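Taken together, the values in this text are just the output of simple stated rules run on the coordinates, not laboratory data. Bear in mind the structure is a predicted one, so any value in this text is a computation, not a measurement. Positions of Cβ are generated from backbone atoms using ideal geometry, with glycine treated the same way; all protein chains shown enter the neighbour counts.
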Protein chains: 2
Amino acid sequence: MFADKPAGKTVISLSGGMDSTGLLMHLLAQNCEVFGISFNYGQKHILELERLKANIVYLKTHNIDINYDVIDLSILGKLYSSALTDPDWEIPEGHYEQDNMKQTVVPNRNAIFASIAYGYALSIATETNEQVSIALGVHSGDHAIYPDCRPEFYEAIHKAFAIGNWDSDKVDLYLPYINGDKHTILKDAEASIDKVGLDFDTIFKNTNTSYEPDELGRASGKTGADIERIEAFIKLGRKDPVEYQASWEELIKNNEA
Amino acid sequence: MFADKPAGKTVISLSGGMDSTGLLMHLLAQNCEVFGISFNYGQKHILELERLKANIVYLKTHNIDINYDVIDLSILGKLYSSALTDPDWEIPEGHYEQDNMKQTVVPNRNAIFASIAYGYALSIATETNEQVSIALGVHSGDHAIYPDCRPEFYEAIHKAFAIGNWDSDKVDLYLPYINGDKHTILKDAEASIDKVGLDFDTIFKNTNTSYEPDELGRASGKTGADIERIEAFIKLGRKDPVEYQASWEELIKNNEA
C-alpha cells in the first residue's frame, strides 16, 4: 500500500518538529526534489515554524534550495477545540500513553494535512507527468494517542483519495517510519545529515517538539512528545542541542527514573 | 452509511452555488442549528461568496442567524493546477459529460473540504456532547466529471475519518441529494423556502453557479454547471432570478435545441 522509496519529486509535510525534520534529511540524502508545506493551524507552539524557517535558511547556505510554503489554517484554532490551540486550556503533562494526552488531539488534523498535500502532489504529477510521493514523518510512538498517525488510517484515506481523483496512480504515500519510533528517525537522520554534509546539532537545534516552550523558547521537557524526544537522544547517545528549562543531566536523570 | 436526516446541529459547506444554498434552505426548514463554512480556494468565480454573504444578511432580516466562517485556502490557487484557479487558463465550455470539463477539477478539493468540516463537526460534538451532522449538497449531476462527488468516495473518506478520530460515532454525513440532481435540489428548496417563509427569487438571485461570470456578475450560461442549472429551472417551470448575458428566452431556446 505504501511506497518503498520516495519518487524523484516529493511533497513533505514539515511541522518543524524532529520527525519531519529527520524525514527531510532522509529525502535530501536520496536527492529528492522537495516540495515542503507547513500548516499554521493556530497551534500555541508556533515557534516550531520559526525554527523550521531557520533550517531552510541554513540549507540555503549549503546550496540546498527547497520549495516551501506555509498554509494558513489559523482559523481552525477558533473553530476547533483542542488543548493545542485553545489559549485557556492548559497542556497536560505526562507520557503519551496517559489518557489526558487525548486533550492534545486536534480533530481530524492529519486528514486535513494529508488532503492538502495530496492535491498538491497530484497537481505536480499532472503538470510534470512524473510520479510524485507524499512523505510523512508519522511513527509508532504516536499511535496510542493519535489514531490519525496509525497505518490503518493512512491506508483508508489513501484509498479514499484514489477513489476521489483522476490519475491517482501518479501519487503514492511514503511513510518510512510508520513502524519505527523517534529513535529510528534520529538514527536515520544522523546518517542522512552526514551524507548530505550538514551539521547535526544545527539541524536539530532548529526544531521544536515541545507543546509548551517558555518565552525564551526553551522546552519544558514534560509533555508527551518532549519525553519521547529526550529518550530518543539518550538512546542515540547524543545530547539534544535544543534548549530545555532543565539541564541535560537533570533530564537524563528524570527519564531514567 | 449516510444519515437519513440531519442532526440538530449541522455543519454545512456553503459554496454560494445553488446546490448548497438549496441544502441550507432544507436544513432551516428542519429547524437545524446551522454551522456554515465556505472555502476561498483561489476560485476565479469568488463572486459566489459575495452572493452567499448577501443571502446571510437577507436571512438575518428574517431573524435567522447562522454561524458562518470563511476558510481562506487561497494559497491553493498558487500551489494547485486547475482551470478554476489559474488566471491564464480558460474555462472550457460545454456539457459536463465532455472530457475537456476535467480541466475544471481542483485536485482533491472535496476531500479537503470534507476533512475540515469533519474536524469542525467533531469539535462541536465533543464540546456539546451532541450528535452533529455534516451536510453536503453533492448530487449525481456532478458524478461523471468529479469523482469526489460520488457516493463511493464519501463512503471511503467517511470510513477513513472514523478510523482516524476518537468519538467518530458522534459525527455523521448527510448527503440528501447524492442520488438526485439539480432539479431534485431546486424542487426541495422551493418547498423549504415556502415553509421557512422566505422569498425564492431573492434566495436564488443571491447565488452564482457560473465558472465565468462577466464583470457585471452575469453568468455566461455556457459552462457545464450553468447548463445544468438552466435545465433545472426550466424543468421546475420557473425563470432563474440570476442574471445571464443572454435573455431567459434565448437560454430556454438554446437548451431545448
Original post:
What average number of partner chain Cβ atoms lie no more than 10 Å from the Cβ of the residues making up A:123-129?
Top reply: 3
Original post:
How high is the relative contact order of the stretch B:7-99, in percent, counting Cα pairs under 8 Å that sit 6 or more residues apart?
Top reply: 28 percent
Subject >> Value at 222 nm in deg cm²/dmol, rounded to 500, when DSSP H runs of n ≥ 4 in chain A each add -39,500 (n - 2.57) >> reply: -13000 deg cm²/dmol
**OP:** Find every distance from the label point of residue B:33 to the corresponding label point in the other copies (7 Å from Cα along Cα→Cβ) and write them in nm, one decimal, shortest first.
**Re:** 5.0
**OP:** Would you mind calculating the gained length between residue B:152 and residue B:220 on full extension (0.36 nm times residue separation, minus the Cα-Cα distance), in nm to one decimal?
**Re:** 21.3 nm
**OP:** Calculate the mean, over all residues of peptide A:175-187, of how many other protein chain Cβ atoms lie within 10 angstrom of the residue's Cβ.
**Re:** 0
Original post:
Mind checking the angle between helix B:47-61 and chain B's longest principal axis? C-alpha axes, 0 to 90 degrees, to the nearest 10.
Top reply: 60 degrees
Original post:
Between copies, how far does the label point of residue A:215 sit from its twins, in nm, shortest first, when each point is 7 Å from Cα along Cα→Cβ?
Top reply: 5.3
**OP:** Kindly provide the Kirkwood hydrodynamic radius of the stretch B:12-77 in Å, to one decimal, from all pairs of distinct alpha carbon atoms.
**Re:** 12.2 Å
Original post:
How high is the relative contact order of the stretch B:9-209, in percent, with contacts defined as C-alpha pairs under 8 Å that are six or more residues apart?
Top reply: 30 percent
Subject >> Helix A:18-29 vs. chain A, principal-axis angle (Cα, 0 to 90°, nearest 10) >> reply: 50 degrees
Subject >> Reciprocal mean inverse distance between Cα atoms of the stretch B:191-249 - Kirkwood radius, Å >> reply: 12.1 Å
**OP:** Find the Rg to Rh ratio for the stretch B:124-257, where Rh is the Kirkwood radius over alpha-carbon pairs and Rg uses the same atoms.
**Re:** 1.06
Subject >> Shielding score for B:152-159, defined as the mean number of other chain Cβ atoms within 10 Å >> reply: 5
Original post:
For residue B:172, which sequence-distant residues (separation of 5 or more, or a different chain) have an amide H within less than 5 Å of its own amide H, given hydrogens modelled in the peptide plane?
Top reply: B:132, B:133, B:134
Original post:
So who's got an amide H within less than 5 Å of the one on residue B:35, skipping anything under 5 residues away but keeping other chains? H placed 1.01 Å off N, in plane.
Top reply: B:10, B:11, B:12
Original post:
Label-to-label distances across copies for residue B:194, with labels 7 Å out along Cα→Cβ, in nm, shortest first?
Top reply: 7.8
**OP:** Measure nothing but the geometry: give the 0 to 90° angle between the long axis through the Cα atoms of B:151-164 and the longest principal axis through the Cα atoms of chain B, rounded to 10°.
**Re:** 30 degrees
**OP:** Using only the Cα atoms of the protein assembly as shown, construct the convex hull and provide its projected area averaged over every direction, in square nanometres to one decimal.
**Re:** 24.0 nm²
**OP:** Answer rounded, prolate or oblate for the stretch A:9-256, using the Cα gyration tensor with square roots of eigenvalues a ≥ b ≥ c: rounded when a/c is under 1.5, else prolate when a/b is larger than b/c, else oblate.
**Re:** oblate
Subject >> From phi via Karplus (6.51, -1.76, 1.60), per-residue ³J(HN,Hα) for the stretch B:30-38 in Hz, x at Gly/Pro >> reply: 9, 6, 6, 7, 9, 10, x, 10, 10
**OP:** Please report the relative contact order for the stretch B:185-257, taking Cα pairs under 8 Å with a sequence separation of at least 6, and give it as a percent rounded to a whole number.
**Re:** 29 percent
Original post:
Mind checking the dipole of the stretch B:1-155: about its Cα centre, +1 per Lys or Arg Cβ, -1 per Asp or Glu Cβ, Debye to the nearest 20?
Top reply: 300 debye
Original post:
What ranking do B:130, B:231 get, fewest neighbouring Cβ atoms within 10 angstrom at the top?
Top reply: B:130, B:231
**OP:** Go through A:9/A:159; B:53/B:205; A:182/A:239 and tell me which ones have a Cα-Cα distance over 18 Å in this structure.
**Re:** A:9/A:159
Subject >> Kirkwood-based shape ratio for the stretch B:56-192, expressed as Rg/Rh from alpha carbons >> reply: 0.99
Original post:
Given H placed 1.01 Å from N in the peptide plane, which residues other than close sequence neighbours of residue B:210 have an amide H under 5 Å from its amide H?
Top reply: none
